[in-house]
2 protein chains.
Amino acid sequence: MTTPNTMRGVLAPVVTPFKADLSADRERLIAHCKWLLSQDCGLAVFGTNSEATSLTMDERFELIDALVEAGIDPARMMPGTGCCSFLESVALTKHAIELGCGGVLMLPPFYYKGVSDEGIYRNFAEIIERTGDDRLRVYLYHFPQMSAVPFSIELVGRLLENFPGVVVGMKDSSGDKDNLVAMMNAFPGFGMFAGNETLLLKNMRLGGAGCISATANINPSGIVSLFNSWDADNADDLQGALNAVRESVQQFNLIAAMKKMISHYASDPSWNRVRPPLVELNEEQNNKLISDLETLDFEMPGL
Amino acid sequence: MTTPNTMRGVLAPVVTPFKADLSADRERLIAHCKWLLSQDCGLAVFGTNSEATSLTMDERFELIDALVEAGIDPARMMPGTGCCSFLESVALTKHAIELGCGGVLMLPPFYYKGVSDEGIYRNFAEIIERTGDDRLRVYLYHFPQMSAVPFSIELVGRLLENFPGVVVGMKDSSGDKDNLVAMMNAFPGFGMFAGNETLLLKNMRLGGAGCISATANINPSGIVSLFNSWDADNADDLQGALNAVRESVQQFNLIAAMKKMISHYASDPSWNRVRPPLVELNEEQNNKLISDLETLDFEMPGL
């Protein structure tokens, strides 16, 4: 095989439900993943919106095992495995491959700021070489607003050159259209996922692979519709409708807002919990969120 | 006892040596800690300069156990235990207390940016309550340039009010004199450690507790001398001499430069290794560093 299998489509960075004692709620997570798959939405578990960095390493292993044991297809999963410690990244990545995950999404180490491209390169080289498995498919997670550690064009080029068929794509959460264009121009065929659905149409027209978007947790069918018909005549209208929903949600902390939405539309108060340092929405925010969504006739069918 | 035991003096955020395969070098770490203690310098292991976030959780447990087993006095240790996941912070903190550590130094969760004081407060409240041990002494680690999550005066006040005798101090690595003054004015008796020795004299004159400084790894006796005689007539001269050494080191990445110095002055090339995303100094930087230090007649006696 000369070209690697790469993932395409719409993936949700799956939100992680918590019980009253803030322990991870395995059963609700499984149910949410099954609902997302039923909408043809893939599973980028352990992303920013999953509160992955608020989970322990042990929890990440236990939860991904629980998902696969529950019958969820690992080929549809792209777990986040990029940690501050490259050895922890190796451990999570090896485990994801052993389970058969379709790919892994990797943050750079995000504690030290102002590090060099050489240092970030070495981090990924160590992880890839120590993982030592040609089934590995790495998607780079570019999110400078949160990680404060960006991927430059030069760094991506060096990784692609030295690890062809292994480093296969990127989630670009910068929200910067120019970066999307620059990456796609520099690396034709790169498995580029827009970091939110407001850039999905643009990304598909550039030859991208889809999007991995927070709000795919609550609007998967809408986003998947646009992915499936991005070259149809009404694509711009579909994009406009997606953007309106997104606007209603992102006026608040996205994670807290999405959990409130699932809690509301599933009539399940238990969903409305986050781990510190995040804080759930207050009553006024809850009311504004739900009222704005009602104006849009928003629904979460089958939840 | 109405006032808590609190730590005072000069502590080094102990640099962590690595073997050729980048595994942690336990024996060299023990030796360096013993040398620091011989200079009357305390041990803030697992700080920024220890590359703590580049270590795995397992490594942190193993290394601190190894230090105590090697006879190092835990009362002189203030390990970093603040992680992105509050449950990992609880685990490390409990272990530190069980070993008898004099205190713990806690970063806020540092992945999510722009979080509220309420969210940071909840993080520390969860950690303190779940640790559930009245021997706990927490020092807050304020380092906005690296964590990107600052401690406001209001937040510190709320923590002091609700956890008196438990939250007892801070390492202020902001380098902002105004912040040092504001904190000491707001909270008289607060166990304030300047984040580097260039503010040690100022901090002592404000009633502070000492400093926890990277360069205490390579200039412990000089910094301890100023701590011991900060109210002497020649204190400003001592401060000036410390600053000159610091200048020579901080023209480069501090961690890489300090490891090069230990490697050079101990004639031990093995010390000159960092984990990604850091990178060791290049030849030109090495030469400039050592030549600048020779101009100052710098030495590391007894290393």
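The values are calculated or read from the model by the stated rules, or taken from the named source; none is laboratory data. What you see is a predicted model, and the numbers here were worked out from it, not measured in a lab. Reconstructed Cβ throughout: ideal geometry from the backbone, glycine too, with neighbour counts over all protein chains shown. Ligands, DNA and RNA are excluded from the accessible area calculation, which covers all protein heavy atoms including side chains. Shrake-Rupley method; radii C 1.70, N 1.55, O 1.52, S 1.80 Å.
Open to solvent by less than 10 Å² (accessible area, probe 1.4 Å) and within 24 Å of B:Asn49 (Cβ to Cβ), is that true of A:Ser116?
Details: open to solvent by less than 10 Å² (accessible area, probe 1.4 Å): no; within 24 Å of B:Asn49 (Cβ to Cβ): yes.
It is false that A:Ser116 is open to solvent by less than 10 Å² (accessible area, probe 1.4 Å) and within 24 Å of B:Asn49 (Cβ to Cβ).
Checking B:Thr53 against (1) free of Cβ contacts under 8 Å to residues at least 12 places away in the same chain; (2) more than 15 Å from the chain's Cα centre (by Cα): exactly one of these is not met. Which one?
(2)
For the range B:272-289, state whether one or more residues are within 14 Å of chain A (Cβ to nearest Cβ) and of a type in the set (Asp, Glu). Before you say what the answer is, go through the steps one by one.
If we filter the range B:272-289 for residues that are within 14 Å of chain A (Cβ to nearest Cβ), which is where we start, we get B:273-282, B:285.
Next, only the ones that are of a type in the set (Asp, Glu) stay: B:280.
The answer is yes, given that some residue of the range B:272-289 is within 14 Å of chain A (Cβ to nearest Cβ) and of a type in the set (Asp, Glu).
Output the number of residues of the range B:1-56 satisfying the condition of being out of contact with any helix residue (DSSP H, G or I) (no Cβ under 8 Å at 6 or more places or on another chain) and of a type in the set (S, T, N, Q).
Result for the range B:1-56: 8.
Report yes if A:Gln239 is closer than 29 Å to A:Phe187 by Cβ, within 14 Å of another protein chain (Cβ to nearest Cβ), touching a Ser or Thr at 6+ places or on another chain (Cβ under 9 Å) and not aromatic (Phe, Trp, Tyr), otherwise no.
Numbers: closer than 29 Å to A:Phe187 by Cβ: yes; within 14 Å of another protein chain (Cβ to nearest Cβ): no; touching a Ser or Thr at 6+ places or on another chain (Cβ under 9 Å): yes; not aromatic (Phe, Trp, Tyr): yes.
Here the answer is no, as A:Gln239 does not meet what is asked.
For residues in the range B:179-211 being of a type in the set (Gly, Ala, Ser) and part of a strand (DSSP E or B), which is surrounded by the fewest Cβ atoms within 10 Å (Cβ to Cβ)?
That would be B:Gly191.
Do we find a residue being surrounded by 15 or more Cβ atoms within 10 Å (Cβ to Cβ) and within 25 Å of B:Asn123 (Cα to Cα) anywhere in the range B:212-226?
Residues of the range B:212-226 that are surrounded by 15 or more Cβ atoms within 10 Å (Cβ to Cβ), as a first pass: B:212-226.
Restricting the remaining residues to those that are within 25 Å of B:Asn123 (Cα to Cα) gives B:212.
Yes, some residue in the range B:212-226 is surrounded by 15 or more Cβ atoms within 10 Å (Cβ to Cβ) and within 25 Å of B:Asn123 (Cα to Cα).
Does the range A:54-71 hold any residues that are farther than 23 Å from A:Leu278 by Cα and either surrounded by 19 or more Cβ atoms within 10 Å (Cβ to Cβ) or not aliphatic (A, V, I, L, M) (or both), and which are they?
Matches in the range A:54-71: A:Asp65, A:Leu67, A:Glu69, A:Gly71.
Among (1) more than 18 Å from A:Ser23 (Cα to Cα); (2) among the aromatic types (Phe, Trp, Tyr); (3) touching a Leu at 6+ places or on another chain (Cβ under 7 Å), there is one condition B:Tyr111 misses while meeting the rest; what is its number?
(3)
Confirm whether B:Ser38 is at pLDDT 95 or above and either within 14 Å of chain A (Cβ to nearest Cβ) or open to solvent by less than 10 Å² (accessible area, probe 1.4 Å) (or both).
Against the criterion (at pLDDT 95 or above and either within 14 Å of chain A (Cβ to nearest Cβ) or open to solvent by less than 10 Å² (accessible area, probe 1.4 Å) (or both)), B:Ser38 does not qualify.
Report yes if A:Ala20 is in a loop (DSSP other than H, G, I, E, B) and open to solvent by 10 Å² or more (accessible area, probe 1.4 Å), otherwise no. Spell out the reasoning first.
Values: in a loop (DSSP other than H, G, I, E, B): yes; open to solvent by 10 Å² or more (accessible area, probe 1.4 Å): yes.
In short, yes.
Just name the residue that is nearest to A:Glu51 (Cα to Cα) out of those in the range B:76-91 that are surrounded by 24 or more Cβ atoms within 10 Å (Cβ to Cβ) and touching a Gly at 6+ places or on another chain (Cβ under 8 Å).
Only one residue tops the list, namely B:Ser89.
When the residues of the range B:125-146 are narrowed to those that are open to solvent by less than 20 Å² (accessible area, probe 1.4 Å) and out of contact with any Gly (no Cβ under 9 Å at 6 or more places or on another chain), which ends up farthest from B:Pro188 (Cα to Cα)?
B:Thr131
Could you please tell me which pairs satisfy a Cβ distance under 9 Å, a separation of 6+ or placement on different chains, a first residue in the range A:249-269 that is among the hydroxyl-bearing types (Ser, Thr, Tyr) and at pLDDT 95 or above, and a second residue that is surrounded by fewer than 21 Cβ atoms within 10 Å (Cβ to Cβ) and part of a loop (DSSP other than H, G, I, E, B)?
Cβ pairs passing all conditions: A:Ser263/A:Asn272; A:Ser263/A:Arg273; A:Tyr265/A:Phe298; A:Tyr265/A:Glu299; A:Tyr265/A:Met300; A:Tyr265/A:Leu303.
Looking at A:Val14, is it part of a loop (DSSP other than H, G, I, E, B) and surrounded by 22 or more Cβ atoms within 10 Å (Cβ to Cβ)? It would help to see each step written out before you state the result.
Values: part of a loop (DSSP other than H, G, I, E, B): yes; surrounded by 22 or more Cβ atoms within 10 Å (Cβ to Cβ): yes.
Yes; evaluated as a whole, the condition is true for this residue.
Could you pull out the residue among B:Arg273, B:Arg246 that is basic (Lys, Arg) and either without any contact (Cβ under 8 Å) to a residue 12 or more places away in the chain or in contact with a helix residue (DSSP H, G or I) (Cβ under 6 Å, 6 or more places away or on another chain) (or both)?
Matching residue, one of B:Arg273, B:Arg246: B:Arg246.
When you scan the range B:28-62, how many residues do you find that are under 19 Å from A:Pro109 (Cβ atoms) and hydrophobic (A, V, I, L, M, F, W, C)?
Here is the first cut: in the range B:28-62, the ones under 19 Å from A:Pro109 (Cβ atoms) are B:46-60.
Adding the requirement that they be hydrophobic (A, V, I, L, M, F, W, C) leaves B:46, B:52, B:55, B:57.
Residues flagged as under 19 Å from A:Pro109 (Cβ atoms) and hydrophobic (A, V, I, L, M, F, W, C) within the range B:28-62 amount to 4.
Anything in the range A:230-268 that is open to solvent by 20 Å² or more (accessible area, probe 1.4 Å) and either touching a His at 6+ places or on another chain (Cβ under 9 Å) or hydrophobic (A, V, I, L, M, F, W, C) (or both)? List them, or say none.
A:Trp230, A:Ala232, A:Leu238, A:Ala241, A:Ala244, A:Phe252, A:Leu254, A:Ala266
Given the criterion crowded, with 22+ Cβ neighbours inside 10 Å and among the acidic types (Asp, Glu), identify the matching residue among A:Asp176, A:Asp172.
None of the others qualify; the one that does is A:Asp172.
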